[in-house]
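Right, one structure below, let's go through it.
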Amino acid sequence: MNARLVRQLVGLYPQEWRTRYGEEFYSFLETHPSNLRTVLNVIGGAMHERVLSLGRFKMDRRQNSLALMLYASLGALAAGINFYWTVDDTPLAAAMRNYLALFTSWNLVRAGSLLAFAAFATVGIPVFLTIVRTAFAAQRWDVVCRLAVPPCAALVTLAWMVAAARLSGGHWVPTPWDVTGDWTAPHDWPPLATRWALSSVTFVLMMAGTIVSAISVRQAIRRSDLSKRRRLWFAAPSMLLAGSIAVMAIGVLSWGWFVQQYAASDFHVRDGGLFSSTNFASWMASCIVFLAATLMAAKGARSALSLKTE
Amino acid sequence: MSGTRLGPGTLYGAIARLEREKLIEPLPVEERRQPYRLTAKGLRVLRAKLATLHGFARAGLRKLEAR
């Protein structure tokens, strides 16, 4: 088998597999006659190893802590956006001006989100730069491509929303929060069926983009050597992140409690979302995601704190 | 041994799995060839598998002869 074909075939295997068997497999393939059956057999073997490698190679504690912080941040971001759109431009926003407790809870969420952003940036930016620098130095384009997935996913979703808004007359943007509810849609919005269809696509793009981004960045983290990063870089921001997401969760929970006391009728009207749910249901969804994000961030902080025992 | 020639992908898939399960281990390279040998655990497992196959074959043959 010629050297170029052998190199290409060996390149199909996962990087971790190649590190262990690449050289001997290369020598072995060179002695083999080149035919379609052999090539297909090697391609099949490579695909099999790729599937197996998905769950086999464990991350170290630094990588694990970072991945958990990433999931927690994405969860908090999704829950925060949903919470914001549940309240924005509704009678609930007006109620907040009249009741201090409601306004305080809302500000608790805002303060938590600023702290969470600071924690995420403190650990995220240096680690991101380290990963990019080492990936370029080692010509690991697979890592660079994976890091490019989140901005690409965001751009695709944004491009879709802009294009759909223009196609539907330019008076309505297809978000999953402005479809139908206990209100009459403005006359210049597209018909309900169109709003449903376009918003569903946005919803699918957002969900898929978030999931694919989380998987891609996790894989980039797993493929990068972060062992030289000191414990302090992970421990302090991860605790701050866990604390601030917990503050956001408390803020959202208390906001729901107070709004039930002061503006219960507005709390239970259908809020215009894609699933025709009520403000209460949307708030509940935000609470669940915030609590899950808090648990993940706490787990990430625990993993970062245990670095001293490594 | 069985007269079947394994493809390189199948062979290295098996080698990787057997090494992962600590049933074989690599020996020093010989002129670009990488030999492997059975570990103590591999010997035990192979013996047990062969004994099972042996018992299975004997039971099968007895059934055939009884017909």
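Taking the conditions exactly as written (modelled with pLDDT of 85 or more and within 12 Å of chain B (Cβ to nearest Cβ)), does A:ALA46 satisfy them or not? Talk me through it step by step, then tell me what you get.
Values: modelled with pLDDT of 85 or more: yes; within 12 Å of chain B (Cβ to nearest Cβ): yes.
Yes, satisfied.
Here's the yes/no breakdown for (1) within 14 Å of chain B (Cβ to nearest Cβ); (2) in a helix (DSSP H, G or I); (3) surrounded by 15 or more Cβ atoms within 10 Å (Cβ to Cβ):
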{"residue": "A:TYR26", "(1), (2), (3)": "yes, yes, yes"}
{"residue": "A:VAL51", "(1), (2), (3)": "yes, yes, no"}
{"residue": "A:PHE83", "(1), (2), (3)": "no, yes, yes"}
{"residue": "A:ALA94", "(1), (2), (3)": "no, yes, no"}
{"residue": "A:TRP106", "(1), (2), (3)": "no, yes, yes"}
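Contact map, the stretch B:30-47: first residue under 17 Å from A:TYR21 (Cβ atoms) and within 11 Å of chain A (Cβ to nearest Cβ), second residue surrounded by 12 or more Cβ atoms within 10 Å (Cβ to Cβ) and of a type in the set (S, T, N, Q), Cβ cut-off under 9 Å, separation 6 or more or different chains; pairs are B:ARG32/A:SER27; B:ARG33/A:SER27; B:GLN34/A:SER27.
Among the helices (runs of 4 or more DSSP H) contained in the stretch A:229-310, which hold 3 or more residues that are under 30 Å from A:TRP177 (Cα atoms) and touching a residue at least 60 places away in the same chain (Cβ under 8 Å)?
Numbers: elements: A:231-262, A:264-267, A:279-305.
Where helices (runs of 4 or more DSSP H) fall fully within the stretch A:229-310 and carry at least 3 residues being under 30 Å from A:TRP177 (Cα atoms) and touching a residue at least 60 places away in the same chain (Cβ under 8 Å), they are A:231-262, A:279-305.
Scan the stretch B:10-29 residue by residue and report those that are facing another protein chain (nearest Cβ under 9 Å) and part of a loop (DSSP other than H, G, I, E, B). Passing the criteria: only B:VAL29. Among the residues of the stretch A:28-37, those that are in a helix (DSSP H, G or I) and either more than 8 Å from chain B (Cβ to nearest Cβ) or surrounded by fewer than 17 Cβ atoms within 10 Å (Cβ to Cβ) (or both) comprise A:GLU30, A:LEU36, A:ARG37. The combined condition, being modelled with pLDDT under 90 and surrounded by 15 or more Cβ atoms within 10 Å (Cβ to Cβ), is fulfilled by A:SER65. Residues of the stretch B:20-56 being touching a Leu at 6+ places or on another chain (Cβ under 7 Å), loosely packed, with under 12 Cβ neighbours inside 10 Å and among the basic types (Lys, Arg), which ones? Residue satisfying the conditions is B:ARG37 alone.
Give the residues of the stretch A:196-228 that are of a type in the set (S, T, N, Q) and not in a helix (DSSP H, G or I), sorted by residue number. Within the stretch A:196-228, A:SER224, A:SER227 meet the criteria.
Considering the conditions (1) at pLDDT 90 or above; (2) over 30 Å from the mean Cα position of the chain (by Cα); (3) under 30 Å from A:SER277 (Cα atoms), A:ALA78 is excluded by exactly one of them, (2). For the subset of the stretch A:6-24 comprising residues that are surrounded by fewer than 20 Cβ atoms within 10 Å (Cβ to Cβ) and at the interface with chain B (Cβ under 9 Å from one of its Cβ atoms), which member is nearest to B:ARG5 (Cα to Cα)? Among them, the one singled out is A:GLU24.
Quick check, is B:ARG58 more than 9 Å from chain A (Cβ to nearest Cβ), among the charged types (D, E, K, R), within 13 Å of the chain's Cα centre (by Cα) and not in a loop (DSSP other than H, G, I, E, B)? Steps first, answer last, please.
On the way: more than 9 Å from chain A (Cβ to nearest Cβ): yes; among the charged types (D, E, K, R): yes; within 13 Å of the chain's Cα centre (by Cα): no; not in a loop (DSSP other than H, G, I, E, B): yes.
Spelling it out, it is not the case that B:ARG58 is more than 9 Å from chain A (Cβ to nearest Cβ), among the charged types (D, E, K, R), within 13 Å of the chain's Cα centre (by Cα) and not in a loop (DSSP other than H, G, I, E, B).
Evaluated against (1) in contact (Cβ under 8 Å) with a residue 12 or more places away in the chain; (2) within 14 Å of chain B (Cβ to nearest Cβ); (3) of a type in the set (Asp, Glu), A:ASP60 falls short on exactly one condition, (2).
A:LEU40 meets each of the listed conditions (1) more than 18 Å from A:ARG223 (Cα to Cα); (2) not in a helix (DSSP H, G or I) apart from (2). Keeping to the stretch A:188-208, report how many residues are closer than 17 Å to A:SER276 by Cα, touching a residue at least 12 places away in the same chain (Cβ under 8 Å), of a type in the set (A, V, I, L, M, F, W, C) and surrounded by 12 or more Cβ atoms within 10 Å (Cβ to Cβ). Within the stretch A:188-208, residues that are closer than 17 Å to A:SER276 by Cα, touching a residue at least 12 places away in the same chain (Cβ under 8 Å), of a type in the set (A, V, I, L, M, F, W, C) and surrounded by 12 or more Cβ atoms within 10 Å (Cβ to Cβ) number 4.
Let me confirm something: among A:ALA185, A:ALA165, which residue is part of a loop (DSSP other than H, G, I, E, B), surrounded by 15 or more Cβ atoms within 10 Å (Cβ to Cβ), without any contact (Cβ under 8 Å) to a residue 40 or more places away in the chain and of a type in the set (Gly, Ala, Ser)?
Numbers: A:ALA165 fails: part of a loop (DSSP other than H, G, I, E, B).
Answer to the check: A:ALA185.
Selection of the stretch B:27-58 for residues being hydroxyl-bearing (Ser, Thr, Tyr) and more than 30 Å from A:GLU30 (Cα to Cα) yields only B:THR52.
The values are calculated or read from the model by the stated rules, or taken from the named source; none is laboratory data. Computed from a predicted structure; not experimentally measured. Note: ideal-geometry Cβ built from the backbone for every residue, glycine included; neighbour counts use all protein chains shown.
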